[in-house]
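**Q** Quick one: structure below, then a few questions.
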Amino acid sequence: MRVKTVSSVEIMLGAPISDRHELVDRIRKGLPFSVLVRLQQQLGLSRKQFLTVLAISHSTMLRREIAGKMSVYESEKILRIAQLFDLTLQFVNGSNEDARRWLSTRNMELKGETPLTYAATETGAKIVEDLIAKIELGIVI
């Protein structure tokens, strides 16, 4: 049974999102740099670890920090990871620590990678989402 948790997406944006169209608008404008910082903290990762997950170089991150916002492409990546964290939180009944641990533990269904690193691409994130659904449904993997 899933526990309703406060959305990581809403936490990192600092406001509730009333519809997906609003979210698309925010992504097109580029999410504020502070969103990267908030999500990194939620995930309990170092800056270096988080940039690796997002496939963003340190120099690019510094440019984004100065500009105060992320690119559309980077915003999409950040949103993907935030949504996966939300799904994982629901899967582990709302425990941040359990969600972080599950996302950071190597999984044989993901070729020995962690769910977080596997989700670096859209296709990988869908595979991780499918894995969570299978586990929740009790499908033997």
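FYI, it's all coordinate maths here, none of it is from the lab. Everything numeric in this text was worked out from a predicted model, so none of it was measured. Heads up, the Cβs are rebuilt from the backbone with ideal geometry, glycines too, and the neighbour counts pull from every protein chain shown.
**Q** Which is among the hydrophobic types (A, V, I, L, M, F, W, C), surrounded by 17 or more Cβ atoms within 10 Å (Cβ to Cβ) and over 19 Å from Gln40 (Cβ atoms), of Ile81, Ile132, Ile139, Ile56?
**A** The match here is Ile132.
**Q** Return yes when Pro32 is within 15 Å of the chain's Cα centre (by Cα) and in contact (Cβ under 8 Å) with a residue 12 or more places away in the chain and no when it is not. Walk me through how you get there before you give the answer.
**A** On the way: within 15 Å of the chain's Cα centre (by Cα): no; in contact (Cβ under 8 Å) with a residue 12 or more places away in the chain: yes.
Spelling it out, it is not the case that Pro32 is within 15 Å of the chain's Cα centre (by Cα) and in contact (Cβ under 8 Å) with a residue 12 or more places away in the chain.
**Q** Let me ask something else. Tell me, yes or no, whether the stretch 86-104 has at least one residue that is more than 21 Å from Thr123 (Cβ to Cβ) and basic (Lys, Arg).
**A** Yes: the stretch 86-104 contains one or more residues that are more than 21 Å from Thr123 (Cβ to Cβ) and basic (Lys, Arg).
**Q** Given the criterion touching a residue at least 60 places away in the same chain (Cβ under 8 Å) and of a type in the set (Asp, Glu), identify the matching residue among Asp98, Asp86.
**A** Asp86
**Q** In this structure, does Lys69 turn out to be touching a strand residue (DSSP E or B) at 6+ places or on another chain (Cβ under 6 Å) and within 23 Å of Arg28 (Cα to Cα)?
**A** On the way: touching a strand residue (DSSP E or B) at 6+ places or on another chain (Cβ under 6 Å): yes; within 23 Å of Arg28 (Cα to Cα): yes.
So Lys69 fits the description; yes.
**Q** I want to confirm something. Restricting to the stretch 16-46 and keeping residues that are basic (Lys, Arg) and within 15 Å of Met70 (Cβ to Cβ), which single residue is surrounded by the fewest Cβ atoms within 10 Å (Cβ to Cβ)?
**A** Arg28
**Q** Taking the stretch 35-80 on its own, how many of its residues are part of a helix (DSSP H, G or I), without any contact (Cβ under 8 Å) to a residue 40 or more places away in the chain and small (Gly, Ala, Ser)?
**A** The total comes to 2.
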